[in-house]
Amino acid sequence: MRVRQEMIEGIRDFLSFYKLLEIALDQKQIPIYQRSAALNWYGYYLGNGAKDLFLGIYLDKPQYLTLNTEDISLKKEFRSGNAQVSVGELYANGQGWKVSLELSGNEIFMEDVLSFIGDKVAYARNIVENLTF
């Protein structure tokens, strides 16, 4: 097996994007609770002491930057199939919410990431604070 140049460049680009996320979070004054990486994701838990929000890349869908709730249970009225949110989507099982920024097909600029993070993290905080037990 031979390592191709595309893989080497792709890993470098991926790590550069990961660092860009950290800079964007810092600029938006969103604290990082914990850096997290595993076989199927790479990202950050956000906040001050809870793993309720995750921002990162899931490696099975690397074309998306995803912000999602973690380990929460939505209130009963938001667990039904009829509940709606104006941004992102609720999980069908009532255990969370997510929104994604598509990264493929277009060049992504820092302004795009800053806008996504600023708008969506505030919305996600509202979900965690008001729609969960």
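If R0 is taken as 25 Å, the Cβ-Cβ distance between R125 and L15 corresponds to a FRET efficiency of 0.35.
Remark: spin-label model distance F109-Q34 equals 3.6 nm, labels positioned 7 Å along the Cα→Cβ axis.
Sort out the exposed loop trypsin sites (Lys or Arg not before Pro) in the chain (DSSP loop, at most 13 other Cβ within 10 Å) and tell me the longest stretch that has none. Please report the intermediate quantities before stating the final value.
Working: sites that count: R2, R4, K75.
It runs 5-74.
The residues neighbouring E22, those whose beta-carbon lies less than 14 Å from its own, together hold a net charge of +2 under the Lys/Arg +1, Asp/Glu -1 convention.
Using a Gaussian network model of the chain in which every pair of alpha carbons under 10 angstrom is joined by a spring, one finds that among V85, V99, V113 the greatest mean-square fluctuation is at V85.
Restricted to Cα atoms, the chain shows a radius of gyration and a Dmax of 15.8, 53 angstrom. For the chain, the tally of Lys pairs with Cα-Cα distances below 25 Å comes to 20, considering only residues 8 or more apart or on different chains. The distance between label points at V87 and L59 comes to 2.9 nm (points 7 Å beyond Cα on the Cα→Cβ vector). Based on DSSP loop calls and a cut-off of at most 16 other Cβ atoms within 10 Å, the longest stretch of the chain free of exposed GluC sites (Glu not before Pro) is what? By the stated rule (loop sites, at most 16 other Cβ atoms within 10 Å), 1-69.
Here, each number is a calculation from the coordinates, and none is a lab measurement. Note that this is a predicted model, so its numbers are computed, not measured. Glycine also receives a Cβ, built like all others from the backbone with ideal geometry; neighbour counts cover every protein chain displayed.
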